[in-house]
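A quick write-up on the structure given underneath.
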Amino acid sequence: MADTPETTLNAALANPRADMEALDALERTLFSLSYASGEVGSLGSVIDPPKATAQRGKALSCLQELSVRTLCDPAVGPLLDRLEKEPELVGEQRLAQIRVLRRDRASLLDVPAEEQAAFSLLTVEAEDVWHRAKAAGDWESFAPYVDRIVEAMRRMAGYKNAEKDPYDVWLNEFEWGTDRAFYDRFFSHVKECVVPLLADCMASRRKPSRDCVAGTFDEERQWRLAADLARLEGLDEGALWIGRAEHPFTSGISRDFVVVTGHAYADNVLSNVFSILHEGGHALYEQNVDAAYAGTSLAGGTSMGMHEAQSRFFENIVGRSEAFAEPLLAQLRRHFPGQFGRVTAHQLYGAENCVEPGLVRTEADELTYPLHILVRYEIEQLLFAGEATAADVPGLWAQKYRDYLGVTVPNHTLGALQDVHWSGGSFGYFPTYALGSAFGSQLKVAMVRDGVDVDGACAAGELAPVRAWLCEHIWRWGRAKDSGELIEAACGEPFSPVYYTDYLTEKFSALYRL
């Protein structure tokens with residue numbers, strides 16, 4: 001009978017080489033459980049029949065519990081301690097693995113395994129309810145799950161760090177080193193730029209038109225377009241599965257198996273275009289982590305902020321750039337020959353970047369997008385502080401959309417039910433979308449400084465130079481380096497939101513002739 005990770009750990013004792021074998025065995029087990037959870041969790045929600053939800057939830061709950069018990073086994077702590085004392089023998093990669101495993105373990109160690117398993121079961125059930133609630137515009141049926149998830153996350157945050165604000169605990173989980181004070185400063189800077197810039201754009205007499213992208217677009221042709229866009233981005237098709245989902249997402253099951261989902265609307269072809277480019281950015285990150293990290297705790301993106309930097313980079317800095325308009329137009333003409341024959345690249349660029357305060361985050365223009373994130377960030381703080389419950393959310397949502405975007409929310413489907421994130425317990429995730437946009441702006445400046453002709457690559461539809469720079473400075477490192485370390489190494493300075501606001505100001509001032 002083969003040794004289990006536990007027997008291998010116990011047998012290792014103080015033998016460094018045996019300890020390294022034990023570490024490798026631990027990583028193999030954790031990877032296997034993660035792979036199974038990733039495949040069941042991501043593909044299950046897309047391909048399972050409705051009756052499978054309960055059983056899928058039980059399977060995921062069991063896998064989660066096994067993973068927690070494996071990582072939190074009492075023998076793991078001493079193993080990591082012993083290995084850390086042998087840096088020359090262990091080597092740089094294993095030392096990085098030890099650091100990441102220790103951090104992952106610390107975040108789980110004091111949370112009872114049964115609590116985490118119950119949370120996994122709750123979120124599977126909540127996501128199923130969310131799908132039905134969104135279709136029906138029925139916030140009331142979903143609201144109890146929001147309250148239960150917030151309560152569970154507050155409770156788990158207390159186990160993780162009883163001295164820290166519960167929401168700060170979860171913000172830090174999604175982006176290491178952040179808290180409300182960090183995001184308050186960040187969003188304050190962004191608001192000082194975006195709010196007056198938005199007002200100036202809306203008052204301008206030189207507004208781009210969306211007329212050139214109006215019409216009805218066959219959905220099957222949109223999916224063929226999506227496959228070509230993934231190819232244009234540079235995704236490894238042999239390691240990619242593209243599917244359809246109510247809410248687009250990407251799941252990096254492994255370096256060699258990335259799930260990308262999108263949606264197609266017959267009356268909005270650009271929605272499909274930019275959701276695929278966005279999710280493709282996530283997928284590029286997952287597919288280009290150093291192959292030596294495969295099957296270890298270093299695989300995958302280092303944080304959600306850095307992950308969103310990649311998705312927002314390819315959606316906006318590449319996809320919505322003036323330089324990329326011609327290659328994108330060529331793809332649109334190929335798949336919809338009768339609808340884009342007379343459209344110019346300049347017209348398409350304007351249509352892609354038309355500033356229109358709206359209701360739906362995923363369809364938002366680049367300028368108003370951070371305001372959508374701000375709404376969610378402020379509501380999440382109120383929920384975690386106990387200053388609001390799920391019953392209050394629709395009213396808060398409507399008020400904040402009036403205040404920040406000047407729009408009236410007509411129903412829950414276009415309001416608080418539009419995003420899937422809360423059903424999965426992703427409170428604290430939303431701020432990383434805006435942070436990722438800011439990361440991407442700073443990375444572009446460094447990329448150009450290093451001699452990469454970003455506009456030239458976009459105009460030619462040959463993104464290899466862009467991918468090569470990102471791979472060298474960001475992607476290949478996986479979880480071996482945190483976002484702050486990556487930014488400073490790539491850019492020669494710490495993160496600064498100034499690059500983001502400068503980028504927005506320059507782009508939209510030119511578009512709107514301000």
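The values are calculated or read from the model by the stated rules, or taken from the named source; none is laboratory data. What you see is a predicted model; the values in this text were computed from it and never measured. Cβ: placed from backbone, ideal geometry, glycine included. Neighbour counts: every protein chain shown.
Quick check on GLY341: is it without any contact (Cβ under 8 Å) to a residue 12 or more places away in the chain, assigned by TED's automatic domain parsing to the domain that holds GLU286 and not aromatic (Phe, Trp, Tyr)? Considered against the rule, which asks whether it is without any contact (Cβ under 8 Å) to a residue 12 or more places away in the chain, assigned by TED's automatic domain parsing to the domain that holds GLU286 and not aromatic (Phe, Trp, Tyr), GLY341 comes out as yes.
Considering every residue within region 151-167, establish whether at least one is of a type in the set (A, V, I, L, M), surrounded by fewer than 20 Cβ atoms within 10 Å (Cβ to Cβ) and touching a residue at least 60 places away in the same chain (Cβ under 8 Å). Scanning region 151-167, I find at least one residue that is of a type in the set (A, V, I, L, M), surrounded by fewer than 20 Cβ atoms within 10 Å (Cβ to Cβ) and touching a residue at least 60 places away in the same chain (Cβ under 8 Å), so the answer is yes.
If you check ARG105 against the conditions, is it closer than 21 Å to LEU63 by Cβ and of a type in the set (Lys, Arg)? Yes, satisfied. Close contacts from region 69-95, counting a first residue that is in the same structural domain as ASP19 (by TED's automatic domain parsing) and a second that is surrounded by 14 or more Cβ atoms within 10 Å (Cβ to Cβ) and acidic (Asp, Glu), with Cβ to Cβ under 7 Å and a gap of 6+ residues or different chains, come to LEU71/ASP104; ASP73/GLU6; ALA75/GLU6; LEU79/ASP19; ARG82/ASP19; LEU83/ASP19. Would you call GLY415 over 27 Å from THR261 (Cβ atoms) and among the small types (Gly, Ala, Ser)? No; evaluated as a whole, the condition is false for this residue. The residue that is farthest from ALA96 (Cα to Cα), among those in region 297-342 that are over 17 Å from the mean Cα position of the chain (by Cα), among the small types (Gly, Ala, Ser) and in a helix (DSSP H, G or I), is ALA330.
Criterion first (within 22 Å of the chain's Cα centre (by Cα) and surrounded by fewer than 20 Cβ atoms within 10 Å (Cβ to Cβ)) does ASP184 satisfy it?
yes
Taking the criterion of being at pLDDT below 95 and on the phi < 0 side of the Ramachandran plot, would at least one residue in region 465-486 satisfy it? Within region 465-486, none of the residues are at pLDDT below 95 and on the phi < 0 side of the Ramachandran plot. Highlighted here are the helices (runs of 4 or more DSSP H) found entirely within region 73-149 that include at least 3 residues which are of a type in the set (Asp, Glu) and out of contact with any Lys or Arg (no Cβ under 7 Å at 6 or more places or on another chain): 113-136. When you scan region 471-490, do you find a residue that is crowded, with 20+ Cβ neighbours inside 10 Å, farther than 26 Å from ARG99 by Cα and either in contact with a His (Cβ under 9 Å, 6 or more places away or on another chain) or not acidic (Asp, Glu) (or both), even just one? No, there is no match, as no residue in region 471-490 is crowded, with 20+ Cβ neighbours inside 10 Å, farther than 26 Å from ARG99 by Cα and either in contact with a His (Cβ under 9 Å, 6 or more places away or on another chain) or not acidic (Asp, Glu) (or both). The lone criterion from (1) assigned to a helix (DSSP H, G or I); (2) over 28 Å from HIS412 (Cβ atoms); (3) of a type outside the set (D, E, K, R) left unmet by TRP176 is number (1).
For (1) buried (at least 20 other Cβ atoms within 10 Å of the Cβ); (2) among the hydrophobic types (A, V, I, L, M, F, W, C); (3) closer than 22 Å to TRP469 by Cα, each residue gets a yes or a no:
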| position | (1), (2), (3) |
| --- | --- |
| GLU220 | no, no, no |
| ASP228 | no, no, no |
| ARG231 | no, no, yes |
| ILE253 | yes, yes, no |
| ARG320 | yes, no, yes |
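Within the bounds of region 375-386, is there any residue that is over 26 Å from GLU151 (Cβ atoms) and out of contact with any Pro (no Cβ under 9 Å at 6 or more places or on another chain)? Within region 375-386, not a single residue is over 26 Å from GLU151 (Cβ atoms) and out of contact with any Pro (no Cβ under 9 Å at 6 or more places or on another chain).
Among the residues making up region 369-427, those that are among the hydroxyl-bearing types (Ser, Thr, Tyr) and either within 16 Å of the chain's Cα centre (by Cα) or more than 25 Å from ARG320 (Cβ to Cβ) (or both) are TYR369, TYR377, THR389, THR408, THR413, SER423, SER426.
Pairs are defined by a Cβ separation below 6 Å, a sequence spacing of at least 6 or placement on different chains, a first member in region 285-302 that is farther than 13 Å from LEU470 by Cβ, and a second member that is aliphatic (A, V, I, L, M); the pairs so defined are TYR293/ALA299; SER297/VAL100; SER297/LEU101; LEU298/ALA96; LEU298/ALA480; ALA299/VAL289.
Kindly evaluate THR362 against the criterion of being crowded, with 21+ Cβ neighbours inside 10 Å, within 20 Å of the chain's Cα centre (by Cα) and not small (Gly, Ala, Ser).
no
Looking at region 196-213, which of the residues that are in contact (Cβ under 8 Å) with a residue 24 or more places away in the chain and under 29 Å from the mean Cα position of the chain (by Cα) is farthest from SER271 (Cα to Cα)? Checked region 196-213; the qualifying residue farthest from SER271 (Cα to Cα) is LEU197.
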